[in-house]
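These notes concern the structure reproduced below.
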Amino acid sequence: LFMKVVGTANDYFGKGLSGATLVAQVPEKATFVPHENIIIGNVALYGATNGEAYINGIAGERFCVRNSGAKAVVEGIGDHGCEYMTGGVAVVLGEFGRNFAAGMSGGIAYLYSEDGTFDEKKFNLEMVELEDLQQSDVESLQVLLQNHLDYTKSPKAKTILENWSKSSKNFIKVMPTDYKRALEMMANKETEKTV
């Protein structure tokens with residue numbers, strides 16, 4: 001299933017998303033810069049379990065709260081992003097508000113900044129760690145950004161991809177501590193089985 005909105009959307013965009021691909025795209029005749037303007041409301045992708053979302057602009061507050069399996073690309077968000085997230089992937093290609101990753105116990109978030117610096121005061125670091133990207137992260141991100149460009153014609157995604165070798169270094173990975181430990185334990189068990 002696929003749904004595309006050309007224009008803006010209200011709160012709860014993609015609430016409970018369970019397998020489709022959602023796209024919110026700025027109209028081609030728009031006179032504003034997408035990554036500097038809000039295109040969808042608050043609490044987008046609340047409780048999403050599967051599927052993908054590509055948002056050509058900024059989302060309001062509480063983006064991807066309780067997301068447990070969906071993948072999303074957005075060009076900026078408000079406060080409380082990825083709160084209580086338990087799975088899935090959130091990619092934020094711009095500014096993000098305070099209290100990011102509060103109660104985030106699973107899933108992964110990737111954040112981008114033009115100069116590769118991030119204000120640690122904006123993060124809630126009780127349950128997460130900030131990491132550099134591994135090669136597998138870089139490859140996954142490139143696919144998501146290419147999807148974002150294909151679906152939305154995002155100028156921001158286009159610029160990042162055109163300078164990928166340099167701009168890929170301006171991402172940071174937000175990884176829940178317990179989730180990371182669990183993934184490492186599972187990888188070790190798989191290694192033991194094959195030995």
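The values are calculated or read from the model by the stated rules, or taken from the named source; none is laboratory data. Keep in mind that this is a model prediction, so the values were computed, not measured. Every residue, glycine as well, gets a Cβ built from its backbone with ideal geometry; the counts of neighbours run over all protein chains shown. Protein only, heavy atoms only, side chains kept; ligands, DNA and RNA dropped before computing areas. Shrake-Rupley method; radii C 1.70, N 1.55, O 1.52, S 1.80 Å.
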If you project the alpha carbons of segment 1-105 onto their three principal axes, what span does each projection cover, largest first, in Å?
40, 33, 19
What distance in nm separates the two pseudo spin-label positions at Thr177 and Arg98, each 7 Å out from Cα along the beta-carbon direction?
2.3 nm
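Compute the normalised compactness of segment 34-154: alpha-carbon radius of gyration over 2.2 N^0.38 Å, N being the residue count. Each step should come with its number before you reach the end.
Details: Rg = 12.9 Å, N = 121, 2.2 N^0.38 = 13.6 Å.
Segment 34-154 yields a ratio of 0.95.
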Considering Cα pairs under 8 angstrom that are at least six residues apart, work out the relative contact order of segment 102-195 and quote it in whole percent.
48 percent
Taking 35 Å as R0, compute the FRET efficiency from the Cβ-Cβ separation of Leu1 and Ser105 and round it to 0.05.
0.80
If Rh is defined by the Kirkwood formula over all Cα pairs and Rg also comes from Cα, what ratio Rg/Rh do you get for segment 95-191?
1.00
Just grab the label-to-label distance for Lys158 and Glu192, each label 7 Å out from Cα along the Cβ direction, in nm (one decimal).
5.2 nm
Whole-Å semi-axes of segment 122-167's equivalent ellipsoid (Cα gyration tensor)
24, 13, 10
Report the FRET efficiency, 1/(1 + (r/R0)^6), for Ile38 and Met185, where r is their Cβ-Cβ distance and R0 is 41 Å, rounded to 0.05.
0.50
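Would you list the membrane-span-like helices of the chain, meaning whole DSSP H runs whose alpha-carbon atoms span at least 27 Å along their axis and whose mean Kyte-Doolittle value is at least 1.6? Could the numbers behind the result be given before it?
Details: long enough: none.
Passing helices, by number: none.
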Express the carbon and sulfur contribution to the solvent-accessible surface of the chain as a percent, rounded to the nearest whole number, probe 1.4 angstrom.
49 percent
